[in-house]
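To start, the structure itself, in structure tokens.
Since every read-out is calculated from the coordinates, none of them should be taken as a lab result. Since the model is a prediction, treat every value here as computed from it, not as a measurement. Don't worry about glycine lacking a Cβ; one is built from the backbone with ideal geometry, like all the others, and counts go over all protein chains shown.
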Amino acid sequence: MIACRSPAVDSSPPSAPSPAWPVSARAGSPWSTRRCYRAVRCSTTPGAGATPHRRTRARAPPPVTGSFRSAARRREVGFAISYPPGYAPGSPLPVCLALHGYAADARSAVTAARYPEFLAGALPAGAAPFALAAPDGGNGYWHPHAGDDPLGMLVDEFLPLLAARGLGADRVAVAGWSMGGYGALLAALTHPDRFRAVVATSPAVFHSYADAERVNAGAFDSADEWARYDVTARARELAGRPVRIAIGAADPFAPAVRRLRDRLPDPAMVEIGTGCHDTDYWVSVAPAQVRAISAALAD
């Protein structure tokens with residue numbers, strides 16, 4: 001393990017490309033895989049702007065789960081929908097799509113960072129309710145591959161499924177963690193007018209195809225595919241979009257996210273605070289994210 005303590009807010013200059021990262025990962029972490037990211041243990045405090053967690057959480061109902069046959073993914077795809085307290089299937093709520101990380105699934109995505117609990121805690125204070133909905137996206141980094149198109153499934157199949165269940169598919173946000181954070185940014189670039197809010201937490205972005213190959217050889221099938229879906233190269237296209245990016249300064253993806261920040265039309269889209277690539281950091285920034293999504297989806 002690597003002990004680390006990071007500054008509360010990053011103020012570093014543009015970074016040089018990162019060295020090759022070790023491929024071991026902390027067992028039991030939400031992003032642990034055999035070929036994955038640097039094992040990091042941090043002594044963390046809540047991210048910048050975070051509020052005390054327990055005072056802002058409340059009990060949330062268990063998610064509703066199901067599955068559907070996806071033509072885009074060519075398989076049965078599981079999904080989960082989390083409704084806030086007082087709402088049930090059929091309620092015409094706006095929806096936030098939740099994109100899971102590597103080696104995770106839909107059910108873990110809707111409970112990631114305790115979003116349902118933070119929303120339940122915010123409702124008595126006047127926050128607008130929304131449903132959190134997640135499909136299984138596999139391990140292909142949410143971009144199209146030969147024979148598997150999780151991004152096409154998300155927009156062309158899952159959103160219509162949600163609309164058929166009464167959810168307001170005309171008021172949509174997207175949030176993701178790690179691989180799902182990258183997926184949220186890619187969704188915003190691919191469908192620039194579709195989402196009222198885009199939240200990417202600890203997005204798994206890379207400096208280069210070689211970096212991606214070192215960290216996760218299955219992320220991209222070729223250098224051409226990497227170039228086609230490189231969100232950093234397209235950062236300028238996020239101008240004027242409702243994008244929020246949060247990452248811990250000790251996260252192994254932080255150097256690449258700093259490079260992304262330097263190319264964005266508004267670097268303030270990115271918050272780099274205290275933390276690592278783990279649930280502790282994700283929970284620390286979740287209350288502000290949930291409030292922002294709620295406000296964006298309100299009538």
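Annotations
- In this Cβ point-charge picture (+1 for Lys and Arg, -1 for Asp and Glu), the range 160-299 has a dipole of about 380 debye about its Cα centre.
- D156 paired with A58, simple spin-label distance in nm, labels 7 Å along Cα-to-beta-carbon: 4.1
- In sequence order, calculated HN-Hα J values of the range 135-143 (Karplus, 6.51, -1.76, 1.60; Hz; x Gly/Pro): x, 6, x, x, 10, x, 6, 6, 10
- Volume of the convex hull of the range 137-224 (Cα atoms only), normalised per residue: 98 Å³.
- Euclidean distance between Cα centres, the range 80-115 to the range 251-288, Å: 22
- Protection proxy ranking, peptides 214-225, 78-89, average beta carbon neighbours within 10 Å, highest first: 78-89, 214-225
- For the range 171-299, the C-alpha radius of gyration divided by 2.2 N^0.38 Å, with N the number of residues, is 1.00.
- Extending 7 Å from the Cα toward the beta-carbon at both D262 and A125 defines two label points whose distance is 3.7 nm.
- The distance between label points at H191 and R74 comes to 2.2 nm (points 7 Å beyond Cα on the Cα→Cβ vector).
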